[in-house]
Each structure stands twice: as structure tokens, then as C-alpha cells.
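Participant: Before we start, here is the structure in question, set down as C-alpha cells.
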Amino acid sequence: MKKNLLNVGALAIALLLSAFTSANAADTKPNIVYIVADDLGWKDVGFNGATDIKTPNLDKLAESGAKFAQFYAQPMCTPTRAALLTGRYPFRYGLQTIVIPGPAGYGLATNEWLMPQALKDAGYNTAIIGKWHLGHADIKYWPKQRGFDYQYGAMIGELDYYTHSDAGVLDWFRNNKPVHEKGYTTQLLGNDAVKYINEQSADKPFYLYLAFNAPHTPYQAPQDYIDRYKNIEDPTRRIYAGMVSCLDDEIGRVVAALDKKGIRDNTLIVFQSDNGGTRNAMFAGQMADLSKIKIPCDNGPYRDGKGTLFEGGCLMTACANWPGHIKPETVDGMIHVVDMYPTLANLAGASTAKCLPLDGLDVWPVISSNAPSPRTEIIYNVEPFRGAVRQGDWKLIWRTLIPTSVDLYNLAEDPYETNNVAALHPDKVADLQDRLNALGKESAKPLALMYVAGVGLAHGKPRMGSEDGKGAVMVEGDGHSITDEGVGEDENNSASH
């Protein structure tokens, strides 16, 4: 009898242990919520010194987690998103130049093994809520075909916040099906993210890629958010501030949903912008008339902004938070967005064996405890007409189009790139130029330039002058150019701050 009771007791304990293990299976693998803002200025959040815009939710994540001092991405949207999801620099697969234009048919190469595919193989539920911008004309490039179990949001790069369309074309989908609904995109994305979190099972981890289109142009915000900033004199900055506050509120709702569900302690949250804030109208998109307004983004002391290879274009506002796993402090080590793939894969127990050779490094010790970074080099970009590389504290920007120019900065002494010392260090210039040349030989041809050349050289309706000055035009007044956001740098504005 006693033996039977012991056996029953042992069985009960075993069953309890089994149930506990099953219920907490996800505890061995963190949930991952990866949040990306669009064209957010470095100094447009409180934790980087903004005083006119309030971002209490982001500030709390940064102050109780890792605030990154040297987190780098690409200078534009499509390249950064590609680098994040592949762990590889975009010059390796042709997405290094500008964004994918609305009329273009190309996308992120389908032989790239993406982060959601690796995490899905490791047992994760995977979702993208928000902006994709890695291929839209052919469904083979869409998120549901690239490892995401669930998709909601926009496929291209720029859309009206209320009509969810661009040039009259709807760009709002759920699981590959068009969605017609009312609402402000930032709030719709927040609503869907909260709903997604609430639907997750405790016994399976999830990866949520939450990619807001805010605060990208067009500058639109709900009136109640604009009214919060009556103290801001400039009307566009006032709207922009409302956009950022709405973004911050929705991020706060996501964190609250994790708390309410009881999974916050096992959820890693990463936040970053996709590139620096816009400082040049060339890179601001096509849906806002910027000839009549002042561009509102603030990159603080960093030079220039989106689309350029200066720090203002590539140094991100970014932070990470995971209670009990990340020390609250400023993380000084260099991190590039390509590092996030192998870092998250290792945390999740996911294999990268199917990936093409990664440029990213596992930087979890850097993120979690401010350990020295294994990264000693940053490749800002490699294009036929320009490139930039950083090794240690030395950074070279080389523009190869005639007239060529070379900038060399020591970022430890001159983080704001005010003193070009190329003439004083010819050997360092030569070394870094050799590095860029070597990478250039490894580069794929830029798909954007091939597309632009194809459009530009195609036989079409000639544009002819006339005596009355009313000759034919190739693009109607309300149409789009062949690129959404320009190409190259405006040399006349390259020294702006």
C-alpha cells in the first residue's frame, strides 16, 4: 500500500513537472518585439534630449534598459530593413541604393534566408505589423512568403495616414488581402499589435516585427495630438511632434499588453529608427509639398540626415529592454543593424545555417551588460558613386563621381564631423579606400540604378519644347517621379546640421 502511494505521488509530481515545463516552454526562449520607427530624428525622443516632444514610454524603456550610443543602420529605409532581416549588408544583394520605387518590380532576393524564417524554424510564431518595403510588385517578395505567419500593414514606403493609399492605390493588407478600413495608421498598427499579443499562447514564443510608418511624410496627425503642442510655433514641427507622441503612446499600449498578459519579463523589446531624420527635401518622399514648409526632424548635434553617409543619416536613436536580462545603462560599443539577426537567433536557439554568409556578429554581451563590442568596423554603404567605412575611430566618406571628394574624420575627437582631416592622414585614407574598393568588387549591381536606367533609356513619348512653352510633359503634375526619395547627396547641403 505504502509503495503504491509512493508510486502515485511520484506520478503526480512527474505530471505536475511536465505541465509546468509545458506551460513555461516559452520561458527558455524570449518573446521578441522589434519596433522600428520611420525617419525619426535622433533628438526627437526624450532620452536623447528632446524637450519640446514628449516620449515618456520610450524614455522609460531606454532608462530601464540599454540606451545605445553607437547603433548604426543604413542611410535609407529599404536598405536598413533588408540589413535587419538578412544580417547582411545590402550591397551584397543589390538593395544598397535608395528605396524600392513604387513603380518598380524588384525586391529582396528570395535566396536570402530571413530572420522570421529562422525563428519560425525554431518554434516561434512570427508576425509583421506595419511597413514592409522590401518588394511589392510580385507577391513572391511579400512577408507571408518570407517566413511571417501573420501580416498586417503596408507593402510600399509611403502612404496617406488616413486613406492608406499612395497616388490613389490602396496599400493596406492583412495576410495578402486588401483591407478597407478607417483610422490613423499609427493607431491601427498599435491596435493590431495589442490584439496579436493578447492572442498568443503561453506555451509558444513569438516574434513581432512592429514597423510603424511614423513619423515619415506626409506630416499628418490626429488633431488632439497636434493640440498637445500649442507651445511649438512652427506648424510642421507641431504636427510632427503629434505624430511622434502618437507613436510613443502606441508603444506604451504594446508594453502594457505584455504586462497585462504576464509575459513582460520574458519579452525582449528592441526599438530603433530605420535611418536618421530627414534634413533634405530630396529624401523626404513625394507626398508632401516641402517647398512651403520647414523640415521638422532634429538629429541633434549630428551632421546632416537621411540619405547621407554622415552620422546624422546612419547613427540611430535606439534602445533595448528586457527586465532582469539587460542592465540599465548607456551602451557604448559599436552595433550595426546587421548584428541583430545573429544576436536574436542565438537568444532564440535558432539556426543560421541556411543563411548566406552573415556580416552580423552576436552582440548580446554588448547589449545586456555593456561589454566591449566585437565589432571594430562599420560599413555605412558601398555604391558605385560613393561609399563610407569606419574602422575604430576613423571614418572615411568617399564620393567617386566627378568631382570626387574624400572626407576623413576621427569620431572620437570629432563625433559631429566638422573637421575633415583627409589631407593630414593620406596613409589612412589610402587604407580605407582600399577597403571600399575591395568591398566594391564583392558588391551586387544596385537594382535601383538598373531600374532607373531601364526606365530612363526605354523608348517612350519624347518631351518636346514648343514656341508657346507648353510642350509635352513626361510626368503629370500630380504624378510621381521614377524614384520615391531621390538618389545620391545634395552636395550643396552636405554640410548642413
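The values are calculated or read from the model by the stated rules, or taken from the named source; none is laboratory data. In this text, all values refer to a predicted model and were calculated from it rather than measured experimentally. Neighbour counts are summed over all protein chains in view; Cβ atoms, including those assigned to glycine, are modelled from backbone coordinates with ideal geometry.
Participant: Tell me, which residue of the range 259-281 that is part of a loop (DSSP other than H, G, I, E, B) and at negative phi is surrounded by the fewest Cβ atoms within 10 Å (Cβ to Cβ)?
Facilitator: Residues of the range 259-281 part of a loop (DSSP other than H, G, I, E, B): 262-263, 274-280.
Narrowing the set further to residues that are at negative phi leaves 263, 274-280.
Details: 263: 19, 274: 29, 275: 29, 276: 31, 277: 27, 278: 27, 279: 27, 280: 21.
Selected residue: 263.
Participant: Suppose we keep only residues that are modelled with pLDDT under 95 and surrounded by 19 or more Cβ atoms within 10 Å (Cβ to Cβ) within the range 158-170. Which one would you say is nearest to residue 39 (Cα to Cα)?
Facilitator: Applying the filter and picking the extreme gives 158.
Participant: Let me ask something else about it. Can residue 371 be described as assigned to a loop (DSSP other than H, G, I, E, B), at pLDDT 95 or above and under 25 Å from residue 88 (Cα atoms)? Outline the logic, then answer.
Facilitator: Working: assigned to a loop (DSSP other than H, G, I, E, B): yes; at pLDDT 95 or above: yes; under 25 Å from residue 88 (Cα atoms): yes.
Yes, satisfied.
Participant: Going through the range 69-96 one residue at a time, which ones are buried (at least 24 other Cβ atoms within 10 Å of the Cβ) and over 15 Å from the mean Cα position of the chain (by Cα)?
Facilitator: Passing the criteria: only 91.
Participant: Taking the range 282-314 as the search range and keeping residues that are modelled with pLDDT of 95 or more and in a helix (DSSP H, G or I), which one is surrounded by the fewest Cβ atoms within 10 Å (Cβ to Cβ)?
Facilitator: So, considering only residues that are modelled with pLDDT of 95 or more and in a helix (DSSP H, G or I), the one surrounded by the fewest Cβ atoms within 10 Å (Cβ to Cβ) is 311.
Participant: Using the structure shown, decide if residue 338 is modelled with pLDDT of 95 or more and assigned to a helix (DSSP H, G or I). Lay out the reasoning, then the answer.
Facilitator: Details: modelled with pLDDT of 95 or more: yes; assigned to a helix (DSSP H, G or I): yes.
Criteria met by residue 338.
Participant: In addition: Quick check on my filter: what residues within the range 406-438 are touching a residue at least 40 places away in the same chain (Cβ under 8 Å) and touching a strand residue (DSSP E or B) at 6+ places or on another chain (Cβ under 6 Å)?
Facilitator: 411, 417, 432, 435, 436
Residue-by-condition table, conditions (1) in contact with a His (Cβ under 9 Å, 6 or more places away or on another chain); (2) on the phi > 0 side of the Ramachandran plot:
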position	(1), (2)
175	no, yes
185	yes, no
191	no, no
199	no, no
211	yes, no
219	no, no
241	no, no
252	no, no
286	yes, no
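Participant: A follow-up question, please. Hey, among 153, 147, which residue is buried (at least 23 other Cβ atoms within 10 Å of the Cβ), in contact with a strand residue (DSSP E or B) (Cβ under 8 Å, 6 or more places away or on another chain) and assigned by TED's automatic domain parsing to the domain that holds residue 345? Give the steps one after another, and end with the answer.
Facilitator: On the way: 147 fails: buried (at least 23 other Cβ atoms within 10 Å of the Cβ).
None of the other options fit; the residue is 153.
Participant: State whether one or more residues within the range 127-137 are modelled with pLDDT under 95, farther than 23 Å from residue 356 by Cβ, within 19 Å of the chain's Cα centre (by Cα) and small (Gly, Ala, Ser).
Facilitator: no
Participant: Report yes if some residue within the range 239-258 is of a type in the set (Phe, Trp, Tyr), surrounded by fewer than 20 Cβ atoms within 10 Å (Cβ to Cβ), within 23 Å of residue 166 (Cβ to Cβ) and under 22 Å from the mean Cα position of the chain (by Cα); otherwise report no.
Facilitator: Narrowing the range 239-258 to residues of a type in the set (Phe, Trp, Tyr): 240.
Within this subset, residues satisfying the condition of being surrounded by fewer than 20 Cβ atoms within 10 Å (Cβ to Cβ) are none.
No: the range 239-258 contains no residue that is of a type in the set (Phe, Trp, Tyr), surrounded by fewer than 20 Cβ atoms within 10 Å (Cβ to Cβ), within 23 Å of residue 166 (Cβ to Cβ) and under 22 Å from the mean Cα position of the chain (by Cα).
Participant: While we're here: Residue by residue through the range 171-219, note down the ones that are surrounded by fewer than 21 Cβ atoms within 10 Å (Cβ to Cβ), in a loop (DSSP other than H, G, I, E, B) and either acidic (Asp, Glu) or not assigned by TED's automatic domain parsing to the domain that holds residue 240 (or both).
Facilitator: 181, 203 - these are the residues of the range 171-219 that are surrounded by fewer than 21 Cβ atoms within 10 Å (Cβ to Cβ), in a loop (DSSP other than H, G, I, E, B) and either acidic (Asp, Glu) or not assigned by TED's automatic domain parsing to the domain that holds residue 240 (or both).
Participant: Let me ask something else about it. Under 8 Å between Cβ atoms, at least 6 apart or on separate chains: pull out the pairs that start in the range 220-243 with a residue that is assigned by TED's automatic domain parsing to the domain that holds residue 38 and end on any residue that is aliphatic (A, V, I, L, M) and modelled with pLDDT under 95.
Facilitator: Pairs found: 235/293; 236/293; 236/295.
Participant: Just to be sure before I move on: is residue 328 surrounded by fewer than 18 Cβ atoms within 10 Å (Cβ to Cβ) and either without any contact (Cβ under 8 Å) to a residue 24 or more places away in the chain or in contact with a Gly (Cβ under 8 Å, 6 or more places away or on another chain) (or both) in the structure I sent? Lay out the reasoning, then the answer.
Facilitator: Working: surrounded by fewer than 18 Cβ atoms within 10 Å (Cβ to Cβ): yes; either without any contact (Cβ under 8 Å) to a residue 24 or more places away in the chain or in contact with a Gly (Cβ under 8 Å, 6 or more places away or on another chain) (or both): yes.
In short, yes.
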